[in-house]
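Report on the structure given below.
No lab work stands behind these numbers, since they all come straight from the coordinates. Nothing here was measured: the structure is a model prediction, and the numbers come from that model. Using ideal geometry, Cβ is built from the backbone for each residue, glycine included, and neighbour counts are taken over all protein chains shown.
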Amino acid sequence: MRTAALAAFTAVLLSTSALAATPDEILAANRAATGGDAWNKPAVALQFDYAGNGLTGKAYSITDLKTGAFEQHYIIGPQAGANGYDGTHVWNKDNSGIVTLQEAADAVPLAVNNAYRNANLWWKPDHGGARITGGGQKTDNGNTYDVLTVVPRGGQSFDAWFDARTHLLYRTDELQGGVMTKVTTTDYKDFNGTQQPLHVTINQGEAKYDQHMSLTNVTFLKTSDPASYAPPKSAAADFSIAGGAHSVTFPFQLINNHIHANVMVNGKGPYMFIFDTGGVNLITPELAKELGITIEGKAAARGAGDAVMESGLARVGEINVGGAIIKDQVFVSIPLDTLYPSNGLHMPGMVGYETFRRFITRIDYGAHTVTLTDPKFFDPKDAGTPVHIAFNGNAAIVDGTYEGVPGKFQIDTGARSSLTLNAPYVAANHFPSGKSVDTIDGWGIGGPSRSHLTRGGALAIGGVTASAHPVVGMSVDKGGAFADPSLSGNIGGGILKRFVVTFDYGHNTMYLKPAAGPIADLDTYDRAGMWFNVEPEGYKIIAVTPGGPAEAAGLKADDVITSIDGKAVADLVLPTVRQRLRTDAAGTSVKLHLASGTDVTVTLKDQI
């Protein structure tokens, strides 16, 4: 469960609402209905019972009623943590006590929105510096509401729905990480002259994943201590390196630009995990069952693609990554093997943010090695050019430029692509695509992603020219990670393998050092013009690129390939086949046999 979803509850608990013809009239009525001057107190502490995603627990918050600064912590199922905002810093504290500042994407604007609503700054004569416009009246479940669109100074747009009869806040609609989040507040009750909602429901698109907060206690405080909202000291004692060594180095396989290496889980294995800076520590339900690990809860997991995959939480006693050990961790559990058809690999788990946050991680793409170093013994003098990274949840974000246009880009070792530009960034900047093709160019936990694929202009990361002409996917997705307007794009393995990349998450720094020697399979793109997945009967074609070689050969979606150049696809490895179709020379003939009995010859051709 993302803490951003939990953070939503404080945003609305203390807000209120109203009805009237103009924004000022609506907000004046809201102030009166909610308690008016009764809110003139330093701070308030709230306590909730939580139920949602198949888990139960407790959540607590302290909020400054003048500034909106807040701290909230929770114990829900196997997971405990905290987050807050002191007016300057947004922070998150994980299960083990590690604190990370949240400075990227929409982390700060969402915290500003929360603080704005917490302090009811819309009641001020200047609306607290926000821009507020009326959205007219709307209905929901047969009731009428006055809707205001609010853009706080330093925040982002959200809609506030006020009950036309009671003038109390009924709902806020706010885009969080590209997902529309609706927070509903109902069943108000008087506490010390203020109206507080007894029930808060957080919805992010599917009702079965709704989160429910039930207010159990309200305490108004006589003072508000700024230290209560400031980032706490980060501390964790759950990791070590075997034998007291300062660092460990182990090999990895680079398959389809993904990093795969052996991991021991609870003393068993090894299991081949994927290493993903854009992901979290994760095991599949299949591996959890094999290891006797219980999975709790059912939450929505989102990534590339429009669809939602169900996830749970699992407590893992220990993982050992080449001698680097982390104990007593809460892993996400997602059925990654549902991705097998699209990538042809079984992935029993993932090493993600939680591991990278504890160690200094050096990925040498040329030598195919990963080095994990105890941060106390890291010397950056030979690591390369430092680049500042900031975080939004577990995602590492860098400032960069594409064709000279500034942007915020996620660093994602778990992405097979070179560079994918998010659809809102593409639309806002009207990028020329040059020669391009429209096709499926990736597959995530949300299913297929589609882009205009082209050979683009220069990408710079923190002043380092990463590539002069990378293969670029200009996303056309309407949902999922690549539709998120808070980010500009995603930098994947196709770019990162140009470097020795070192991550020092604790000091918000990534180092880039050019890789030595030639780099294989660089800036290549599919010359066959089709996307196919592994199915029991063969390679099933999912999409054919308009005007591409596959279409010219007469292939179409739903055709099933049973052999390639006389070899049964059952004896082939999908990533190897895909690599061949992008690296074999233009003009190469590839003979396919279809399940229908038809023989087809595809002549490879450059498409971009």
Segments 183-192, 447-456, 111-120 sorted - mean Cβ within 10 Å per residue, highest first: 111-120, 447-456, 183-192
Cross-link partners of K567 among lysines (Cα-Cα below 17 Å; sequence separation of 8 or more within a chain): K540, K591
Taking a threshold of 31 Å on the Cα-Cα distance, which of the pairs K41/K208; K182/K327; K138/K189 fall above it? K41/K208; K182/K327
Once both labels are modelled 7 Å past Cα along the beta-carbon direction, what's the A28-A427 spacing in nm? 3.8
So how tilted is helix 23-34 from the main axis of the chain? Cα-based, degrees 0 to 90, rounded to 10. 70
Determine the dipole magnitude for segment 530-603: charges of +1 sit on the beta-carbon of Lys and Arg, -1 on that of Asp and Glu, nothing else is charged, the reference point is the Cα centre, and the result goes in debye to the nearest 20. 220
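Considering only the other residues whose Cβ falls under 12 Å of the Cβ of T277, what net charge follows from Lys and Arg at +1 and Asp and Glu at -1?
Details: positive: R357; negative: D276, E354, D412.
Within the 12 Å Cβ shell, the charges total -2.
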Order of D399, D477 from fewest to most other C-beta atoms within 10 Å? D399, D477
Selection from N143, L65, N114 lying farthest towards where the dipole of segment 3-228 points positive, charges on Cβ: L65
What lysines could a cross-link reach from K513, if we take a straight Cα to Cα line under 30 Å and drop same-chain neighbours fewer than 8 places away? K376, K381, K408, K497
What is the local net charge at I75, summed over the other residues whose Cβ is closer than 14 Å to its Cβ (Lys, Arg +1; Asp, Glu -1)? 0
Least to most buried among E551, E537 (fewest other Cβ within 10 Å first): E537, E551
Relative packing of 500-510, 266-276, which averages over residues the other C-beta atoms within 10 Å, highest first: 500-510, 266-276
Could you tell me the calculated FRET efficiency between D190 and T223, based on Cβ-Cβ distance and R0 = 22 angstrom, to the nearest 0.05? 0.40
Suppose every K and R has +1 on its Cβ and every D and E has -1 on its Cβ; what is the size of the dipole of segment 239-376 about the Cα centre, in Debye to the nearest 20? 300
So what is the relative contact order of segment 239-376, in percent, for Cα pairs below 8 Å that sit 6 or more residues apart? 33
Distribution of pairwise C-alpha distances over segment 239-376, 10 Å bins, in %: 12, 44, 34, 10, 0
Among N392, P485, M474, whose Cα sits farthest toward the positive end of the charge dipole of segment 388-490 (+1 at Cβ of Lys/Arg, -1 at Cβ of Asp/Glu, about the Cα centre)? M474
Quick one: angle between helix 574-583 and the longest Cα principal axis of the chain, in degrees between 0 and 90, rounded to 10, please. 70
FRET efficiency, 1/(1 + (r/R0)^6) with R0 51 Å, evaluated for A21 and H260 via beta carbons: 0.25
Binned at 10 Å starting from 0, the alpha-carbon pair-distance distribution of the chain in whole percents comes out as 3, 16, 25, 24, 18, 10, 4, 1, 0
Virtual spin-label span in nm between V600 and H73, 7 Å along Cα→Cβ: 6.0
Charge dipole (debye, nearest 20) of segment 171-210; +1 at Cβ of Lys and Arg, -1 at Cβ of Asp and Glu: 20
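Which FRET efficiency value, to the nearest 0.05, do you get for Y60 and T133 by plugging their Cβ-Cβ distance into 1/(1 + (r/R0)^6) with R0 = 35 Å?
Numbers: r = 35 Å, r/R0 = 0.99.
My answer for the efficiency is 0.50.
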Put +1 on the Cβ of each Lys and Arg and -1 on the Cβ of each Asp and Glu in the chain; which of T601, V437, A458 then has its Cα farthest toward the positive end of the dipole? A458
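How would you order 138-146, 559-567 from highest to lowest mean count of nearby Cβ atoms within 10 Å?
For the peptides 138-146, 559-567, the packing ranking is 559-567, 138-146.
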Helix 107-118: inclination vs the chain longest Cα principal axis, degrees, rounded to 10, gives 20
